[in-house]
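Okay, so here's the structure we're looking at.
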Amino acid sequence: MPDADTLIQHYLEGTLTHAEAEELHTQLQNEPQLGSKLLQHFEMDAMLRSTKPLAVPGKLIQPALIPRHRFTFGTVTTVAAVAACIALAGAWLLLSLPKPTTEDTTASVAVLTRGVNLEWESAAIAPGTPLSPGLLKLKSGIAQIEFYQGARLLIEGPAEFQLISSGEAACTHGKLSVNVPPQAKGFRINTPKGTIVDLGTEFGLDVSDESAEVHVFKGEVELHKAAESMKSLKEGQAMAFAAESQMLEANLSNFASLSDLDSRTALSDRTQLDRWRFASDQLNADSALKLHFNFQDDDSSRSLQNHATHGEDGSIVGASWTTGRWPGKGALEFRNVSDRVRLSAPNEVKALTMAMWVRINGLDRAFNSLFMSEGWGDRKIHWQITREGRIRLGIAGAAGKGHQDCDTEVFFTPERFGRWMHLTVVFDPQTKEVRHYANGSLLAKIALKDAAPLKPGVAELGNWNDRRSIGNGIAIRHLSGTMDEFALWDRVLGEAEIQAMAR
Amino acid sequence: MNIAETHAAQVFLVHHDFVKGVALKYAPWPGLMEDVTQQVFLEFMAKESQWDLSMDARPLLATMTRHIAMRLWRERTRQQPDVVQKLADHIRQLAEEREMPPRYEDEVRVLRTCLQKLPQKSRELVELYYYNDVSTPQIAEQIQMKADTVCRALSRVREKLRECIEQNLNRGGRAHA
């Protein structure tokens with residue numbers, strides 16, 4: 001006879017046999033706690049069924065649980081062996097499922113698409129960051145958040161805001177402007193004073209400790225308040241709902257609009273570009289700076305000007321010009337197997353720092369090049385991102401000695417794709433370590449086996465040349481992403497310098 | 001729909017999850033909750049002119065739901081063999097004797113967050129069974145496991161979700177709590 005869990009499952013599925021029904025009944029009579037367990041499973045089962053439309057809108061799952069090759073001799077024997085082990089060990093199913101082709105997943109329900117002068121009380125987030133359910137505390141600035149079901153919100157700091165799902169949020173204080181297209185109809189915002197359900201519209205919400213005001217600019221919203229009947233608000237209407245509700249006239253000027261955001265974004269971008277120009281020019285005075293490409297060349301140019309005092313320009317192959325971190329900032333996009341920038345780095349350096357602004361689109365290759373010396377061997381270096389998302393400085397051994405891979409933990413997950421990142425790697429012979437930084441923060445310190453000088457020499461940004469001028473089987477290591485600044489020094493940069501560049 | 005009917009429908013929708021919670025208590029039979037909720041909606045709308053919708057609709061909806069749930073539960077279980085009827089009676093008695101008030105509204109809201117926290121394999125199992133309507137024997141066949149093992153796995157997933165919901169509700173997980 002099946003165990004209690006299986007009997008309960010059969011009850012939920014409606015597949016109990018007569019004998020099983022009798023057995024379950026007997027067990028329920030003899031074990032009072034089983035009744036409580038059954039009811040809990042029954043309620044959870046009902047709730048799970050009711051979440052179906054919201055949890056997977058329009059998504060037909062073809063899960064990776066199903067093995068691809070089921071009936072070759074090898075797999076049959078393997079499965080038999082695995083099944084035998086499972087029978088013996090009673091292993092938990094979910095740990096012993098056949099290894100599927102791994103598919104990345106995300107818990108995110110929205111994305112921070114734009115922001116101006118953002119200061120966070122909660123963990124700082126930058127535009128382009130996917131957002132999972134949780135609390136956001138915005139100290140100042142305007143943030144634009146787009147929910148995956150289509151609703152778009154402008155939040156003005158100070159505000160406290162919680163993401164609940166792709167169709168629901170809560171606001172405990174602060175001002176919001178909400179745009180809900182027809183696809184996102186039913187979008188809900190909970191406040192301490194009640195819940196607003198949007199029927200496809202534009203409205204503003206101002207939540208304070210005393211009250212919550214809803215101003216409808218277009219369409220219609222529903223207000224739901226505990227122990228009160230639902231109220232409907234139409235275009236031009238507003239309502240303050242506190243202990244007592246009060247009708248008002250909608251006041252559009254009280255809330256941030258998209259055009260406000262556009263103009264403030266443009267101003268902010270301009271300020272940041274000016275600041276960057278100043279800081280970037282300052283870098284060039286450093287005699288240890290050997291390469292500095294700021295990507296501000298003419299967009300018809302096929303060479304990259306090296307702004308370091310001495311050193312050669314780079315040569316663009318394939319890669320095309322695009323916009324960088326701000327309008328007015330140039331960048332190169334690497335997409336194809338041929339795209340690269342050829343350059344001449346110093347032939348030998350005792351210490352080294354490389355820094356780059358890059359936006360990764362995806363990790364298509366086993367090794368995705370940031371900066372790679374031509375060929376491999378004799379202290380050459382390969383700065384790259386592995387397919388699983390680790391940032392790596394590979395250092396080839398001298399005179400037949402083994403190489404060393406200096407890796408971070410997995411950093412580039414899909415949530416980080418499409419966002420500008422400042423990456424730095426430091427080769428420090430004094431402390432005998434390699435240090436990786438992302439956006440000014442230390443990611444990893446790796447002890448060096450060999451602190452002998454490095455020999456970068458001729459190298460490529462965004463690709464790798466294995467030194468053969470002709471032949472098949474040349475490994476493909478091109479980058480899929482955009483780069484808008486690169487610099488190389490033959491000295492160790494301190495954390496303060498790195499953080500200043502990443503700001 | 002006229003304006004009054006639209007208003008009545010909106011009132012019902014506000015309390016939709018509340019109705020489901022009451023239905024679960026009085027009709028603990030698989031798949032019956034949705035039928036009860038649908039029937040309550042139809043009967044609520046049919047008599048909408050009788051209701052004073054400026055008052056809290058919950059007491060009215062609770063009474064309606066209780067009557068309809070018991071009626072549909074009787075109709076459904078009456079068709080079952082004796083041995084199953086006895087089991088169903090026992091389970092309904094357990095449900096009615098429970099002192100805990102229905103918390104369906106709060107729990108289903110938190111459940112959506114908890115689902116996102118499940119490990120990938122568990123989510124896939126939920127999606128297969130609950131959202132794609134693949135039965136436990138079919139899942140077992142696809143992954144070459146015993147059906148009982150799949151049943152136990154689903155049981156564990158539900159228990160994990162229950163733990164997650166309890167944790168969230170106990171610490172005031174709702175954003176505006």
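The values are calculated or read from the model by the stated rules, or taken from the named source; none is laboratory data. From a predicted model like this one, the values you see are computed outputs, not experimental measurements. Glycine gets a Cβ as well: all are built from the backbone with ideal geometry, and neighbour counts include every protein chain shown.
The residue that is surrounded by the fewest Cβ atoms within 10 Å (Cβ to Cβ), among those in segment B:101-123 that are closer than 15 Å to residue A:108 by Cα and touching a residue at least 12 places away in the same chain (Cβ under 8 Å), is B:117.
When the helices (runs of 4 or more DSSP H) confined to segment B:1-108 are screened for residues that are facing chain A (nearest Cβ under 9 Å), those reaching at least 2 such residues are found at B:3-14, B:16-26, B:32-46, B:82-97. The selection criterion, being touching a Phe, Trp or Tyr at 6+ places or on another chain (Cβ under 9 Å), within 7 Å of chain A (Cβ to nearest Cβ) and not in a loop (DSSP other than H, G, I, E, B), holds for residue B:152.
Give me the strands (runs of 3 or more DSSP E) completely within segment A:229-283, filtered to those with at least 1 residues that are more than 29 Å from the chain's Cα centre (by Cα) and modelled with pLDDT of 85 or more, ordered by residue number.
A:231-234, A:237-241
I'd like to check something: does segment A:381-392 contain any residue that is in a loop (DSSP other than H, G, I, E, B), on the phi < 0 side of the Ramachandran plot and surrounded by 16 or more Cβ atoms within 10 Å (Cβ to Cβ)? No: segment A:381-392 contains no residue that is in a loop (DSSP other than H, G, I, E, B), on the phi < 0 side of the Ramachandran plot and surrounded by 16 or more Cβ atoms within 10 Å (Cβ to Cβ). Screening residue A:217 on (1) touching a helix residue (DSSP H, G or I) at 6+ places or on another chain (Cβ under 9 Å); (2) of a type outside the set (D, E, K, R); (3) within 14 Å of chain B (Cβ to nearest Cβ) shows it passes everything except condition (3). The set of residues from segment B:109-118 being within 7 Å of chain A (Cβ to nearest Cβ) and either assigned to a loop (DSSP other than H, G, I, E, B) or of a type in the set (Val, Ile, Thr) (or both) comprises just one member, B:113.
Tally up the residues in segment A:29-49 that are farther than 14 Å from residue B:108 by Cα and either among the acidic types (Asp, Glu) or in contact with a strand residue (DSSP E or B) (Cβ under 7 Å, 6 or more places away or on another chain) (or both), please.
Total satisfying the criteria: 1.
Per the listing A:96, A:132, the residue uniquely within 12 Å of chain B (Cβ to nearest Cβ), at pLDDT below 80 and surrounded by 14 or more Cβ atoms within 10 Å (Cβ to Cβ) is A:96. Can residue B:79 be described as assigned by TED's automatic domain parsing to the domain that holds residue B:14, within 30 Å of residue A:29 (Cβ to Cβ) and at pLDDT below 85? Here the answer is yes, as residue B:79 does meet what is asked. Could you list all residues from segment B:76-114 that are within 19 Å of residue A:16 (Cα to Cα) and among the acidic types (Asp, Glu)? Matches in segment B:76-114: B:82, B:89.
Residue-wise test of (1) at pLDDT 85 or above; (2) out of contact with any strand residue (DSSP E or B) (no Cβ under 6 Å at 6 or more places or on another chain); (3) surrounded by fewer than 20 Cβ atoms within 10 Å (Cβ to Cβ).
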site: A:144; (1), (2), (3): yes, no, no
site: A:147; (1), (2), (3): yes, no, no
site: A:151; (1), (2), (3): yes, yes, no
site: A:155; (1), (2), (3): yes, no, no
site: A:161; (1), (2), (3): yes, no, no
site: A:173; (1), (2), (3): yes, no, yes
site: A:179; (1), (2), (3): yes, no, no
site: A:189; (1), (2), (3): yes, no, no
site: A:194; (1), (2), (3): no, no, no
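Results for (1) out of contact with any strand residue (DSSP E or B) (no Cβ under 7 Å at 6 or more places or on another chain); (2) surrounded by 16 or more Cβ atoms within 10 Å (Cβ to Cβ); (3) part of a loop (DSSP other than H, G, I, E, B), shown as yes or no for each residue.
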| position | (1), (2), (3) |
| --- | --- |
| A:338 | no, no, yes |
| A:342 | no, yes, no |
| A:354 | no, yes, no |
| A:364 | yes, no, yes |
| A:375 | yes, yes, yes |
| A:399 | yes, no, yes |
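Here residue A:322 fulfils each of the conditions (1) in contact with a Lys or Arg (Cβ under 7 Å, 6 or more places away or on another chain); (2) among the polar types (S, T, N, Q); (3) in a strand (DSSP E or B) apart from (1). Between B:3, B:68, the distinction of being crowded, with 17+ Cβ neighbours inside 10 Å, more than 22 Å from residue B:107 (Cα to Cα) and either of a type in the set (A, V, I, L, M) or within 11 Å of the chain's Cα centre (by Cα) (or both) belongs to B:68 only. Somewhere in segment A:353-362, is a residue over 25 Å from the mean Cα position of the chain (by Cα) and within 27 Å of residue A:455 (Cα to Cα)? Scanning segment A:353-362, I find at least one residue that is over 25 Å from the mean Cα position of the chain (by Cα) and within 27 Å of residue A:455 (Cα to Cα), so the answer is yes.
Within segment A:12-28, the set of residues being more than 7 Å from every other protein chain (Cβ to nearest Cβ) and either assigned to a helix (DSSP H, G or I) or within 19 Å of residue B:107 (Cβ to Cβ) (or both) comprises A:19, A:20, A:23, A:26, A:27.
Conditions (1) surrounded by fewer than 22 Cβ atoms within 10 Å (Cβ to Cβ); (2) within 8 Å of chain A (Cβ to nearest Cβ); (3) farther than 19 Å from residue A:11 by Cα; (4) at pLDDT 85 or above, marked per residue:
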{"residue": "B:125", "(1), (2), (3), (4)": "no, yes, no, yes"}
{"residue": "B:129", "(1), (2), (3), (4)": "no, no, no, yes"}
{"residue": "B:133", "(1), (2), (3), (4)": "yes, no, no, no"}
{"residue": "B:141", "(1), (2), (3), (4)": "yes, no, yes, yes"}
{"residue": "B:144", "(1), (2), (3), (4)": "yes, yes, yes, no"}
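The set of residues in segment A:135-167 being in contact (Cβ under 8 Å) with a residue 60 or more places away in the chain and away from every other protein chain (no Cβ under 14 Å) consists of A:142, A:144, A:154, A:156. Scan segment A:196-232 for residues that are of a type in the set (Gly, Ala, Ser) and crowded, with 22+ Cβ neighbours inside 10 Å and the total you get is 2. Condition check: of a type in the set (Gly, Ala, Ser) and more than 23 Å from residue A:44 (Cα to Cα). Does residue B:69 satisfy that? The answer is no for residue B:69.
Considering the conditions (1) under 30 Å from the mean Cα position of the chain (by Cα); (2) closer than 27 Å to residue A:277 by Cβ, residue A:477 is excluded by exactly one of them, (2).
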